[in-house]
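Please treat every number below as a calculation from the coordinates, not as lab data. Bear in mind the structure is a predicted one, so any value in this text is a computation, not a measurement.
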Amino acid sequence: MTVKGLAKTFTLKQKTPGLAGSLRAVWKPDVKEVTAVSDIAFTLEEGELLAFIGPNGAGKSTTIKMLTGILYPSSGEASVLGYTPWRERRKLAYQIGSVFGQKPQLWYHLPPEDTFRLFAR
C-alpha cells in the first residue's frame, strides 16, 4: 500500500436559527469547509500490520474509508494491492477486509496486535 498526500475536506451547510435562517439556507446557504484528513503519506509493505488509533475526530475512519474506496479523497493518491481504491472499489473489495472497532471490542490485557490476531481466527 502506498499513500501520498491523501486529504479529505467536507463542505458543511451552516443554518442560522429561525424562519429567516431556514429560508436563507434554501437560496443562499452559508457553508463551512472542514478538513478531516490532511496530507497523509505512508507505505505499508507486504506482511506489515497497520492500525489507526487516536482520539475522536482525528480522521481514522475517514482515512480507512478512502483506502477502501467508500469515500473519494479531495486530493492525493493511493494504491492498495495495485488498485486505486475509489476507482476500483469492487475489485479491491474482494481482496481486503477492514475492522471498525470501539474500545469495548478490544481486550485491555492484550496488546492490540494480539487482539487482532485473536479475532482474525
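Under a cut-off of 18 Å between alpha-carbon atoms, report the lysines in cross-link reach of K91, not counting same-chain residues fewer than 8 places apart.
Candidates past the 8-residue exclusion: K65.
Starting from the Cα of K13, draw a straight line to each of the aspartates and glutamates and keep only those under 13 Å, dropping any in the same chain fewer than 8 residues away.
Straight-line reach from K13, under 13 Å: D30, E33.
Near K15, which lysines are there with a Cα under 22 Å away, not counting those fewer than 8 places off in the same chain?
K15 reaches K28, K32.
Among K65, K13, K28, determine the one that fluctuates most according to a GNM of the chain built with springs between C-alpha atoms less than 10 Å apart.
With Cα springs under 10 Å in the chain, the top fluctuation among K65, K13, K28 is at K28.
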